[in-house]
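In what follows, a single structure is set out as structure tokens and then discussed.
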Amino acid sequence: MLFTGENDRIYAVRKHRQFDPELFRRLLKFGMPGALHFSMDVFGFTFFVFMVGRIGKLEFAVSNME
């Protein structure tokens with residue numbers, strides 16, 4: 001549905017299908033810091049849960065309660 005003739009006339013979707021290095025560079029420039037922050041956040045939480053799990057089974061169960 002995206003690559004119909006009408007959409008191509010209005011938005012030039014077929015013309016803009018090729019790889020754009022400058023756009024990709026901007027995507028990495030603005031996307032990498034957020035992705036790195038999110039990854040470190042998930043890693044920190046996972047590390048904390050595993051360290052609590054090493055204390056004991058009861059502590060591990062309590063730390064995972066909602």
Using the 10 angstrom Cβ neighbour count as an exposure proxy, how do Met40, Met1 rank, fewest first? Met1, Met40
Using the C-alpha gyration tensor of the chain, what are the square roots of 5 times its eigenvalues, in whole angstrom, with the largest one first? 48, 17, 7
In whole Hz, what ³J(HN,Hα) sequence does the stretch 43-54 give by Karplus (6.51, -1.76, 1.60; θ = phi - 60°), x for Gly and Pro? 4, x, 5, 5, 4, 4, 5, 5, 5, 5, x, 6
Residue by residue through the stretch 19-36, the couplings from Karplus 6.51 cos²θ - 1.76 cosθ + 1.60 with θ = phi - 60°, in Hz, x for Gly and Pro, are 5, 10, x, 5, 5, 5, 4, 5, 4, 5, 4, 8, x, 4, x, x, 5, 5
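Read the figures in this text as sums done on the coordinates, not as results from a lab. The shown structure was predicted, so the numbers you read here are calculated from the model rather than taken from an experiment. Counting neighbours? That spans all protein chains shown, and the Cβs are built from the backbone with ideal geometry, glycine included.
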